[in-house]
Structures are given as structure tokens and as C-alpha cells.
Amino acid sequence: MEELLSMNIKERERLKVLIRLESSTLSQDIASQQLNISVRQVQRLLKAYRNRGEVSLICQKRGKKSNNRLVNSLTKEVAAIIAENYHDFGPTFAHEKLTEIHNLKISVSSVRNIMIENSIWKSRKIKQSKIHQRREPKDCIGELLQMDGSYHDWFEGRAPECCLIVLIDDATSRIMWLQFVKWESCLSYFNAINAYIKKHGKPISIYTDRLAVFETTRKSEKSYKDTQFNRAVTSLGINLILANSPQAKGRVERVNETLQDRLIKEMRLAHISSMEEGNAFLPTYLEIHNKKFAKNPKSPINAHKAIDLDFNLERILCLHHERTVTKDLMISFKGKTYQITETNHKYRLGRQKVLVIEKEGGELEIIHKDKLLKFKAYNELPKDNTPKEIEKKSQINLTRIRIHPRKWHPGRYHPWKVWRKKKVSI
């Protein structure tokens, strides 16, 4: 029975050339050019072909184990470590921890193969999605700031589910600010922008989604011009841009996916189980993340602008409400009444518009024409809403109740009295 030989495309092409060389229809120079090898190598192949035939063209290592394969003991050790400590890690992230913590020198592909063989990790199927044209990143750092909030079980049940506020630079994909908050609110974004400006300066533009914080939900006027956030950033000279789809701000969305994979596991290894501990750990993680994933901008120019000295960030980045002062110098705000105790020009404040500034924690300030007014909470007497005791009908003694109807008396100038006076005078 003839032996079945399996040859790849490269080996079959060499066989065709060698057959022509053997029949003297092709020169060795032309054969070396067609096979892209030297003439000396062509002579070796031809000699082996004449001695052993077609078998000489087949690679002798095919079907055999590699000499550089990992030792079985090392493979079992890596699989045991991953199954015990990094069972839900990806191959790349697991390889980093094996190198940093366990000092195991092994390639990423080997870690991937070990995880697949031991059913620890499965490759994700690539979904066929819509094609979105990728936007080129900005040239300078500070030219565009992408901002988003990511809700997730960040502490894996060790603490309640919360939101992570993420601010990244578009030109470098560098995470500029991270903070855990209970939910996305206007004040939480104000705190993030305040910390960012104090550390880096004012960005030229901010890119966000269409959350109610950034865009009003009124049907009559679908615009973001009336929101508290737009009022604040516009007064600081920052341009606000709203994205029409998640893919439009894909850079910050991809950063959220990376954080949901890596940050969770880093906090698990650090035994972090609360928002306070997580916020204290975030600066340490930022250095590790940016060192690995951040890139250099196209231009070395820093587009951040310095904040003006006359700007009060704490007063601008908070909630502003307009109220009208009553005649007795009082205003109502969120179901409470406040008395203005300003002594200067207090009679001119009646019926005037004042600005009520609400800060985080419920702290209030009242401003009129850029002047801070003194005020105090007005404590009204509590209303007595307790129902009074009413006697039953059976308990009432109707015999003791006497009704005295009021008698009617004619007035002083009634016609009766006037006629009597005239009759007496006659």
C-alpha cells in the first residue's frame, strides 16, 4: 500500500520546480529566483530529492512536540494559580499578575492556551455590528474632555452598587479623574469639573451624553441651554458638546469596559469593600492605568487655560435658583422659609429678584447684585393638627341646652319710632 503524504502549498511549489530541474527544463538560477532561495539551497534540495524522493521536502518536525514547550509541572502550577486567584481574569491581565506577583516568566499566548485547555477562559465571539467611522483624536491635551458615568457592581457585592465618574482626555486617552458616587447628579459632575480645573486647568470643550443633567427633558424646548451644567460651564468659557450615540464617545465607553474588567479585580486583590476605600485607592490605580494605556499627543502644546482670579469656582459650580423677596423680606425655598436680615438697604429688597445658591450638603447662599446677603431660617409655629375629642350624640344631654333666639328691635330712626314722636308732639 502506498504511503499517503501531506504537503503544504510551499512544499508543493518546491516539488514542481524540482521536477522541472530534474528534467533539465529549468536552470538553477531561475529556480532560486522562483523559490526565493539561494542557488546553494536549490542544490541541497535537488540532492535530497534524488536520494529520498518527495519525502525529503516534507518538514521532519511536523506532528512532533516543540523543543521549546513548557514543562508539564510549570503548566499545572500556572493553571492552579489562575484557577485559585484569577479565574475571571483575561489572559493578558492574568499574565501581568503572574509576572508581577508570582515571578513566573511565561508568554501571554501560553497563558491563553493554558486557560483554554483547562476551561478557565473562553474566547468571545466577535459580533457583527454597525460600522461607524472612527474620529481622529484631537491634537493637543486639554482640547476635548470626554465625560461619562458608569453604573456597575464595582465591589462585587461587598458594597452597594454605585456609579463611577470618568473623565478622559481625547488626545491621549489618559484618565484625568475618577470618583465613586452614589448616582449621577449635577453636583457630582460639578465636583469632578472643580477638581479637574484646579489640577489641570480649563479644557476647551467637554463631550458628554444626553443625560438629564446635561439636557432638559421638557417637550416644549428640547435644548441643553437651560440646564444648570450648561449655565456653569458657559460662564467658565467651556464649550459643551452632546453626543448623539454611544459610539460617538467611544473612547470613554471603551475605558469604562477596561475599568469594569481591571479596576474591579485590582480592588478585590487590595481587599477594598466600600466607596470611601475605593476613592482612596483610585489615585494609585490611575498611575498604573495611564502608564500602560495612555499615549502621547500629536502636538506638545497644552491647550488647558488658566482660571481667572476673579472666578469663584465653588460659587459657579453649584445649583442656582432665582427667588422673589416678599415685602417682609422673606423667601421660600424647598418648602422652607428664610428671613433676610440684611441691614443695609433692606427696604429696597422688597419685590426684588435674588439668587439662591445651593451647595453640596444643603448649604445655601443668597446673593443680590453680586452681594452676599445675611439670612436666617424662619421658624413658624407648628400647626396643631391633632383632632379634638368630640362627644357622641348619646353623651349629650339635650334637655340642658336652651336656645335663646335674639329679639329684633327697631332702629332709632325706624318709621315706627318717628311716627310715634310726631303723634306725641301733636
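Any residue at all in segment 292-309 that is under 18 Å from LEU167 (Cα atoms), in contact with a His (Cβ under 7 Å, 6 or more places away or on another chain) and at pLDDT 90 or above?
Checked against the condition, which is being under 18 Å from LEU167 (Cα atoms), in contact with a His (Cβ under 7 Å, 6 or more places away or on another chain) and at pLDDT 90 or above, segment 292-309 yields at least one hit.
Hand me the list of helices (runs of 4 or more DSSP H) wholly inside segment 234-352 holding 2 or more residues that are over 24 Å from ASN194 (Cα atoms).
Numbers: elements: 250-269, 275-293, 313-316.
Result: 250-269, 275-293.
Given the residues GLU287, GLU257, GLU266, GLU276, which is the only one that is crowded, with 16+ Cβ neighbours inside 10 Å and among the charged types (D, E, K, R)?
Numbers: GLU287 fails: crowded, with 16+ Cβ neighbours inside 10 Å; GLU257 fails: crowded, with 16+ Cβ neighbours inside 10 Å; GLU276 fails: crowded, with 16+ Cβ neighbours inside 10 Å.
The match here is GLU266.
Quick one: which of TYR151, TYR189 is under 19 Å from LYS249 (Cα atoms), among the hydroxyl-bearing types (Ser, Thr, Tyr) and assigned to a helix (DSSP H, G or I)? Talk me through it step by step, then tell me what you get.
Working: TYR151 fails: assigned to a helix (DSSP H, G or I).
Answer to the check: TYR189.
If THR337 satisfies all but one of (1) modelled with pLDDT under 85; (2) closer than 30 Å to TRP183 by Cβ; (3) surrounded by 10 or more Cβ atoms within 10 Å (Cβ to Cβ), what's the number of the condition it fails?
The one condition THR337 does not meet is (1).
Provide a single number: the residues in segment 260-282 that are among the aliphatic types (A, V, I, L, M), in contact with a helix residue (DSSP H, G or I) (Cβ under 7 Å, 6 or more places away or on another chain) and under 16 Å from LYS97 (Cα atoms).
First, the residues of segment 260-282 that are among the aliphatic types (A, V, I, L, M): 263-264, 267, 269-270, 272, 275, 280, 282.
Next cut, in contact with a helix residue (DSSP H, G or I) (Cβ under 7 Å, 6 or more places away or on another chain) only: 263, 267, 270, 272.
With the extra rule that they be under 16 Å from LYS97 (Cα atoms), the set shrinks to 263, 267, 270.
So the count comes out to 3.
For segment 21-126, give me every one of the helices (runs of 4 or more DSSP H) that falls completely inside it and has 2 or more residues that are closer than 26 Å to LEU5 by Cβ.
Working: elements: 28-35, 39-52, 72-85, 91-100, 108-117.
Fully inside segment 21-126 and qualifying: 28-35, 39-52.
Filter segment 308-366 down to the residues that are of a type in the set (Phe, Trp, Tyr), touching a strand residue (DSSP E or B) at 6+ places or on another chain (Cβ under 7 Å) and under 20 Å from GLN228 (Cβ atoms) and list them by number.
PHE333
The values are calculated or read from the model by the stated rules, or taken from the named source; none is laboratory data. Note that the structure is predicted; figures quoted are calculated from it, not measured. FYI the Cβ positions are ideal-geometry reconstructions off the backbone, even for glycines, and counts take in every protein chain you see.
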